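What follows is one structure encoded as structure tokens, with my remarks underneath.
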Amino acid sequence: MLLITEPVYLGSKSPRRRKLLKQLGLKFRSFSVDLMEELLDGEHPIRTVKRLSREKMFEAAKKVEKGIVITADTIVVLNKEIIGKPTNKKDAIRTLKKLSGKTHSVYTGFAVFNKSRDHIIVDYEKTSVTFHNLTNKQIVDYVGTGSPMDKAGAYGIQDDFGAVFVKKVNGCFYNVMGLPLSKLYQTLLKVI
């Protein structure tokens, strides 16, 4: 368990990220960070998630006096194409059809900032996920639930029907949920 005496803040309203931080036994407050998540043409996925998590961290840090601020950004990449959250149901259907029967990569960048010590660490994790071949009905039914609309790649691997789409995970499972817990824990040890 981590013994952190300073306040901890999660710059995200994602219920998945909140749940994951609770698994570390952390007491924290969370709030949303308003940032236009701009994807840049030709930018490598690692640079993208690290840049976006850093930008979120700078915005989040403005809202607190002291303590530790954690932010993250997750993207899905298929054949060098970055796939973020779907813009609408049609986009979600199109995304899931692309992922069907294929292996994609999930990248999560995260930033941890100890404002009291002025110490920032930005890192990332990559996980490969292979999907089963999906039927049109499975995709349409799933999108109809509304669940994929706030998720990179238009699916959730946890607490969600999207889990049955996944044939195999190679790497950190928690990364696919939105926070690579083990790597985040090791990073927190370095900044406290």
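Some notes on this structure:
- Condition check for His104: over 25 Å from Val49 (Cβ atoms), at pLDDT 95 or above and in contact with a strand residue (DSSP E or B) (Cβ under 7 Å, 6 or more places away or on another chain): no
- Of the set (1) within 26 Å of Ala163 (Cα to Cα); (2) modelled with pLDDT of 95 or more, all apply to Ile83 but (2).
- Candidate set from the range 13-34 (those that are assigned to a loop (DSSP other than H, G, I, E, B) and touching a Phe, Trp or Tyr at 6+ places or on another chain (Cβ under 8 Å)); member that is nearest to Gln186 (Cα to Cα): Leu24
- Filter result for Val164 (out of contact with any Lys or Arg (no Cβ under 7 Å at 6 or more places or on another chain), of a type in the set (A, V, I, L, M) and not in a helix (DSSP H, G or I)): no
- Just one residue in the set Val143, Val129 is over 20 Å from Lys13 (Cα atoms), among the hydrophobic types (A, V, I, L, M, F, W, C) and either exposed (fewer than 13 other Cβ atoms within 10 Å of the Cβ) or within 18 Å of the chain's Cα centre (by Cα) (or both); that residue is Val129.
- Selected residue (criterion: modelled with the highest pLDDT) from residues of the range 134-164 that are touching a strand residue (DSSP E or B) at 6+ places or on another chain (Cβ under 9 Å) and not small (Gly, Ala, Ser): Tyr155
- In the range 108-126, residue surrounded by the most Cβ atoms within 10 Å (Cβ to Cβ) [restricted to those that are in contact (Cβ under 8 Å) with a residue 24 or more places away in the chain and outside any strand (DSSP E or B)]: Lys115
- Criterion: without any contact (Cβ under 8 Å) to a residue 24 or more places away in the chain, closer than 21 Å to Gly156 by Cα, part of a helix (DSSP H, G or I) and not hydroxyl-bearing (Ser, Thr, Tyr) - qualifying residue of Lys90, Lys97: Lys90
- For the residues Lys98, Lys89, the requirement of being touching a strand residue (DSSP E or B) at 6+ places or on another chain (Cβ under 8 Å) and not acidic (Asp, Glu) singles out Lys98.
- Every listed requirement among (1) assigned to a loop (DSSP other than H, G, I, E, B); (2) closer than 15 Å to Val176 by Cα; (3) without any contact (Cβ under 8 Å) to a residue 60 or more places away in the chain; (4) not aliphatic (A, V, I, L, M) is met by His104 save one, (1).
The values are calculated or read from the model by the stated rules, or taken from the named source; none is laboratory data. The model shown is predicted, which means the values in this text are computed figures rather than measured ones. All Cβ positions, glycine included, derive from the backbone under ideal geometry; neighbour counts span all protein chains shown.
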